[in-house]
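Data first, discussion second: the structure below is written as structure tokens.
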Amino acid sequence: MSKTTTESAPVALTLPPTQYDLPCDDGIPMETQRHVLQMQMLIDTLLPWLAQREDGYVGGNMFLYFSAAQIKNQDFRGPDVFIVLGVPKGERLSWVVWEEGKAPDVVIELISESTAAKDKTEKKQIYQDKVRVPEYFWYDPFNPEDWAGFSLQSGVYQPIRWDEQGRLVSQRIGLALVRWQGSYKDVEATWLRWATLAGDLLPTPQEEAAQAQQQVTQAQQQATQAQQRAEQLAARLREMGINPDEV
């Protein structure tokens, strides 16, 4: 009696989706111009600081994927601003935690009357329990007093207290968040900005350009003054009967 053998079919492995497989645009714009500008200010001022590091990423208003359940529900848009240290630099379509191997170190949500309740409860809970973000901040660009920060301690967010200068310090990245009254892209408001622990604001691109132009102007003025002094000295020498070209 002959024996027959059957070979089982190979099992196909299903790999988790990457950033190129997942939706990266929900079609929902930011709520106001000021929210857009505030997000840009926080990201743009941090980029030169980040450029001094060998690694790291800063992004905003993009999807943050952290679980398969979230992919199915598609009910959670990513943070307005987030920073991740210890990861390669480069463009991302979305932040996919299982692909990157790391969740953000810092998240900032720019809240409004319509989003405040969700940002302070549901999103805060997600960042604490599911994403495990070490530091979470929120700020209302139209109500600067509504500003808070939290640090993950033993799995639970604990309030970050303001320091003596009235700042909220991010121990994770070694910078402070401060409120600054001024004009940014022709909008006068109280803005949330990054500062060094020594108290220096991280400059906006416009401020950097203005500082560079000021340095050029000062250098030109110094060169002009030096030329004027040289001409005055030459004139005195000629009055004394001395040819300055032969000195």
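The values are calculated or read from the model by the stated rules, or taken from the named source; none is laboratory data. No experiment lies behind these values; they were computed from the predicted model shown. Cβ: placed from backbone, ideal geometry, glycine included. Neighbour counts: every protein chain shown.
A few comments on the model shown:
- Selection within the range 108-123 - within 10 Å of Asp80 (Cβ to Cβ) and assigned to a helix (DSSP H, G or I): Asp119
- Qualifying residue in the range 144-167 (condition: in contact with a Lys or Arg (Cβ under 7 Å, 6 or more places away or on another chain), modelled with pLDDT of 80 or more, surrounded by 10 or more Cβ atoms within 10 Å (Cβ to Cβ) and hydroxyl-bearing (Ser, Thr, Tyr)): yes
- Helices (runs of 4 or more DSSP H) lying entirely in the range 1-106 (those with 2 or more residues that are modelled with pLDDT under 85 and surrounded by 11 or more Cβ atoms within 10 Å (Cβ to Cβ)): 68-73
- Within the range 157-203, the set of residues being among the small types (Gly, Ala, Ser) and more than 21 Å from Leu50 (Cα to Cα) comprises Gly166, Gly182, Ser183, Ala189.
- Meets criteria (under 18 Å from Asp140 (Cα atoms), in contact with a strand residue (DSSP E or B) (Cβ under 6 Å, 6 or more places away or on another chain) and either assigned to a strand (DSSP E or B) or at pLDDT 95 or above (or both)) for Ala176: yes
- Condition met for Ile126 (aliphatic (A, V, I, L, M), over 15 Å from Met39 (Cα atoms) and modelled with pLDDT of 95 or more): no
- Members of the range 179-198 found to be assigned to a loop (DSSP other than H, G, I, E, B) and surrounded by 16 or more Cβ atoms within 10 Å (Cβ to Cβ), listed by number: none
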